[in-house]
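Everything on this sheet refers to the single structure shown next.
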Amino acid sequence: MPDFDLWTWLENLPIAVYIGETWWFPFLESIHVLTSTFLLGSILMLDLRLLGLAGRNQAASRIATEIVPWTRGAFVISALAGLGMFISQANRYVDNRAFQVKAVLLVLAGINMAVFHLRTVRHLPRWDTAAVTSAAARFAGAASLLLWIAIMLAGRWIGHLL
C-alpha cells in the first residue's frame, strides 16, 4: 500500500511519537495481548455453548447476558491499546500483510456477530435451553471461533513481519 499522508500525519502526532519512543509501546502491547486473550476466552465460552460442546445445561441467553459485557469491555480496551500501537508506526502497519489479514478478519467477525444478533437471535426462544442449538447458531459459533482464532494468529504474526 502506498504511503498516505494520513498515516504519516498519525505517526507524527505528539502522542504517537511519545508512544513509539517510551515504555508506552511495550505497555500497550502487553495490555493488548492480555485483553485479547480475555476477549478470546469469553467468546470461546459462548461459542462452545452455541456449538453444543459446553454449558449444555445453561441457557445460551444467560451465558450471553453474563459474558457479553465483559467481552465488550475487553474489546474496547484491546482496540484502544491496538490503536495506540498502530499510530506509532502506521505506515509500517498498513503495509504489513499480517496486519491486513487481521483487519479483514476483524471485519468478518463483526459481520458474523451482526448477523447473529440481527437474525439468529430472533429465534432464540426455540433453541435457548436446548442442548443442541439451531443450525444458524452453530454456524455463527463455529465461524466466530475460527475467525477469532485466526485474528489472534494474525496478530501474533504482525510483529514478526515488521
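Just so you know, all these numbers are worked out from the coordinates, no wet-lab data involved. Computed from a predicted structure; not experimentally measured. In this analysis, Cβ positions are derived from the backbone assuming ideal geometry, glycine residues included, and neighbour counts consider all displayed protein chains.
Residues that are over 16 Å from the mean Cα position of the chain (by Cα) and surrounded by 13 or more Cβ atoms within 10 Å (Cβ to Cβ) within segment 86-114 comprise Ile87, Ser88, Gln89, Ala90, Asn91, Arg92, Tyr93, Val94, Asp95, Asn96, listed in sequence order.
Would you check if there is a residue in segment 22-41 being more than 18 Å from the chain's Cα centre (by Cα), within 30 Å of Asp128 (Cβ to Cβ), surrounded by 13 or more Cβ atoms within 10 Å (Cβ to Cβ) and β-branched (Val, Ile, Thr)?
No; the residues of segment 22-41 include none that is more than 18 Å from the chain's Cα centre (by Cα), within 30 Å of Asp128 (Cβ to Cβ), surrounded by 13 or more Cβ atoms within 10 Å (Cβ to Cβ) and β-branched (Val, Ile, Thr).
Looking at this structure, is Thr129 touching a residue at least 12 places away in the same chain (Cβ under 8 Å) and assigned to a loop (DSSP other than H, G, I, E, B)? Yes; evaluated as a whole, the condition is true for this residue.
Filtering segment 1-21 to residues that are β-branched (Val, Ile, Thr), surrounded by 13 or more Cβ atoms within 10 Å (Cβ to Cβ) and over 22 Å from Ala98 (Cα atoms) leaves only Val17.
Looking only at segment 21-41, which residues are assigned to a helix (DSSP H, G or I) and more than 13 Å from Ala81 (Cα to Cα)? Of everything in segment 21-41, those that are assigned to a helix (DSSP H, G or I) and more than 13 Å from Ala81 (Cα to Cα) turn out to be Glu21, Thr37, Phe38, Leu39, Leu40, Gly41.
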